[in-house]
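What follows is a set of notes on a single structure, which appears directly below.
Since every read-out is calculated from the coordinates, none of them should be taken as a lab result. Bear in mind the structure is a predicted one, so any value in this text is a computation, not a measurement. Methodologically, a virtual Cβ is constructed for each residue, glycine included, from the backbone with ideal geometry; neighbour enumeration extends over all protein chains shown.
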Amino acid sequence: MTFVVSGISTARSAGLSPGFIAIWMSAWGLSWLVAFPVLLAVMPIVRRIVGLIVETRPG
């Protein structure tokens with residue numbers, strides 16, 4: 001997901017220039033480094049919220 005989002009964002013801001021791939025890979029690496037720890041931090045909170053909203057069937 002970060003790969004696609006950073007690619008679209010890079011294409012919009014830098015255009016499809018000759019150095020696009022290098023810029024994209026740099027942006028993707030940075031976005032992954034931010035997104036993965038955020039995912040790990042937010043996941044337990046989201047699971048608790050979903051557990052409060054969703055009713056589970058017995059059995």
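A few remarks follow.
- For the stretch 11-20, the criterion of being of a type outside the set (A, V, I, L, M, F, W, C), surrounded by 10 or more Cβ atoms within 10 Å (Cβ to Cβ) and part of a helix (DSSP H, G or I) is satisfied by no residue at all.
- Yes/no for residue 30 being assigned to a helix (DSSP H, G or I), surrounded by 11 or more Cβ atoms within 10 Å (Cβ to Cβ) and either touching a His at 6+ places or on another chain (Cβ under 6 Å) or hydrophobic (A, V, I, L, M, F, W, C) (or both): yes
- Residues (out of contact with any helix residue (DSSP H, G or I) (no Cβ under 7 Å at 6 or more places or on another chain) and under 16 Å from residue 2 (Cβ atoms)) located in the stretch 22-40: 25, 26, 29, 30, 33, 34, 36, 37, 38, 39, 40
- Check on residue 24, surrounded by 11 or more Cβ atoms within 10 Å (Cβ to Cβ) and touching a residue at least 24 places away in the same chain (Cβ under 8 Å): no
- Checklist (1) without any contact (Cβ under 8 Å) to a residue 12 or more places away in the chain; (2) surrounded by 10 or more Cβ atoms within 10 Å (Cβ to Cβ) applied to residue 50, failing item: (2)
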